[in-house]
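Let me begin by presenting the structure, written as structure tokens, before commenting on it.
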Amino acid sequence: MTTTDQTRLHVLFDAQYKASRAQIEVPLAQRQSRLLTMKALLDDHGTALAQAVQKDFGMRSLQLTEIADLFVLRTLLSHTLKSLPKWIKPQKVSTPLYLQPASAYLQRQPLGVVGVVSPWNYPVQLALGPVITALAAGNRVMLKPSELTPHTSALMAELIGKAFAPDELCVVLGDGELAAEFSSLPFDHLFFTGSTAVGRIVAKAAAANLTPTTLELGGKSPCIIDASCDLDAAAIKIAHGKLLNAGQTCIAPDYVLLPKGKEAAFGHAYAQAVAKLFPTIAGNPDYAAIISPRHHERLQAMLAAAEAGGAKLQVINTGGNASEHRQMLPVLAFDVPASAQLMQEEIFGPILPVLPYASLTEAIDYINARPRPLALYWFGTNTAARDTVLAHTVSGGVTVNDTLMHIAHENLPFGGIGASGWGSYHGEAGFLRLTMQKPVLVQSKWARGDLFYPPYGKRFDQVMGLLKRWL
Ligand code: NAD
């Protein structure tokens, strides 16, 4: 990071901070206009953004970015624009008898300046989603996108630079060093999406300023196959959730838990499902490349170590040379030693360990012995077994009989718990996360608060006696 970068960062923050304090009230029309500017930006430059993502990955279809980045943002914008007039209204709350006839409400106000730090895997959605939410809540926003998608990040910076005033929304580009400096700015809220390891650093940096954070992190999301499950129907949904973006998805199933004895049948069903989704892999842009040589090597090393430790690998769709395009073939891993890196860290690639369980309790205990996951998937028709799993596990979110889909529901808050993050967004939950709900009590001229004033005597005792009987 050069001194110029550092100076620019602070100049931008100071401008945003001043602007946020100079205009505390941000009317509906101004918020709508900012959202419409963002909508126009996506409408006019969506294809260019998808092409930039393709360039950054080397191999990733434009359609994948269309569905997983642009479509998600369009639905977020449309839902937010529709709901905003209702969301920004003061919310009346009921007043308890002992305070009546006062009235009370929650006044929804912008927090001020929100910082957004985003990752590379869905580089448009995960950068602009929190930005849209923060703008809807009336905030000023500074975005620091990932350095691993340089074309996409530069294009977002250029487009946003043309469409927004820098004290309204701006983008700063840079690596981890700049990101660390960014996270140490005294934002009114810092919204971070990325790894659990970096999330810990960000939380510490923000704590020094008492800046509240939202941490959207990763982890190992389990996928439970119940004995009542139709394996073929489940396999295609698991393969889709696992192999979208070649497993580089925060809520991809990280491993499968299935009844002992079903391993071979699942292996067969999964291979067939993969063949249906991706008739070829090498050179097929529907099957994304691994983001960088370093990430590709990490995955290959994890796999080799697991195999050396006794894991049995089922590699799928081996035609062609996937590595030539930095792609990685889908792999099922059986009998993986518990100590293998594959079972210790988030995989974030197309490798799927399969773990047999003897009883449902064993599967639940396995999940509960580990950090709370970002997502959990359950497949089957036995609703009693499903409810047992849901009642005895805690995760950021759940999809039953599919993968990923809970993230797409605009009325379901999205976020993690514990090591998979804290705070959630999407829909009204996101708007409220980046809004101050200021409690206001309006006293009535008929109020008898004086009944509680000193000097305390007989009248006070009578009132307290009455209240004790009511409560
Ligand atoms: P990462 O943590 O390496 O980087 C994310 C961002 O943090 C980047 O912009 C990077 O520049 C910045 N950064 C790096 N060092 C920093 C520091 N010291 N201080 C502040 N910021 C710093 O994550 P990644 O590799 O880009 O993304 C993959 C991870 O993100 C996976 O763990 C995945 O599960 C997670 N993820 C979570 C969600 C979610 O919604 N929960 C979504 C996508 C990805």
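Return the residues of region 161-180 that are in contact with a Cys (Cβ under 8 Å, 6 or more places away or on another chain) and closer than 19 Å to Tyr17 by Cβ; say none if nothing qualifies. Full working, then the answer.
Step one: filter region 161-180 for residues in contact with a Cys (Cβ under 8 Å, 6 or more places away or on another chain), giving 161, 164.
Phe164 - this is the single residue of region 161-180 that is in contact with a Cys (Cβ under 8 Å, 6 or more places away or on another chain) and closer than 19 Å to Tyr17 by Cβ.
Out of all the residues in region 374-408, which are surrounded by 20 or more Cβ atoms within 10 Å (Cβ to Cβ) and of a type in the set (Gly, Ala, Ser)?
Ala375, Ser395, Gly396, Gly397
Table: residues versus (1) surrounded by 19 or more Cβ atoms within 10 Å (Cβ to Cβ); (2) of a type in the set (Ser, Thr, Tyr); (3) touching a residue at least 40 places away in the same chain (Cβ under 8 Å).
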| position | (1), (2), (3) |
| --- | --- |
| Ser33 | no, yes, no |
| Asp44 | no, no, no |
| Leu49 | yes, no, yes |
| Met59 | yes, no, yes |
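Do we find that Ala68 is in the same structural domain as Gly176 (by TED's automatic domain parsing), closer than 22 Å to Phe182 by Cβ and touching a residue at least 24 places away in the same chain (Cβ under 8 Å) in this structure?
Spelling it out, it is not the case that Ala68 is in the same structural domain as Gly176 (by TED's automatic domain parsing), closer than 22 Å to Phe182 by Cβ and touching a residue at least 24 places away in the same chain (Cβ under 8 Å).
Residue check: is Leu159 buried (at least 18 other Cβ atoms within 10 Å of the Cβ) and either within 12 Å of the ligand (Cβ to nearest atom) or under 27 Å from Leu432 (Cα atoms) (or both)?
On the way: buried (at least 18 other Cβ atoms within 10 Å of the Cβ): yes; either within 12 Å of the ligand (Cβ to nearest atom) or under 27 Å from Leu432 (Cα atoms) (or both): no.
Considered against the rule, which asks whether it is buried (at least 18 other Cβ atoms within 10 Å of the Cβ) and either within 12 Å of the ligand (Cβ to nearest atom) or under 27 Å from Leu432 (Cα atoms) (or both), Leu159 comes out as no.
If you check every pair at least six apart or on different chains, which have Cβ atoms under 6 Å apart with a residue in region 173-186 that is within 12 Å of Thr211 (Cα to Cα) first and a residue that is within 6 Å of the ligand (Cβ to nearest atom) and not basic (Lys, Arg) second?
Listed pairs, sorted by first residue: Ser183/Val202.
Take residues that are assigned by TED's automatic domain parsing to the domain that holds Met343, of a type in the set (S, T, N, Q) and modelled with pLDDT of 95 or more and tell me which of the helices (runs of 4 or more DSSP H) falling wholly in region 366-471 contain 1 or more.
Where helices (runs of 4 or more DSSP H) fall fully within region 366-471 and carry at least 1 residues being assigned by TED's automatic domain parsing to the domain that holds Met343, of a type in the set (S, T, N, Q) and modelled with pLDDT of 95 or more, they are 383-392.
The values are calculated or read from the model by the stated rules, or taken from the named source; none is laboratory data. Nothing here was measured: the structure is a model prediction, and the numbers come from that model. Glycine also receives a Cβ, built like all others from the backbone with ideal geometry; neighbour counts cover every protein chain displayed.
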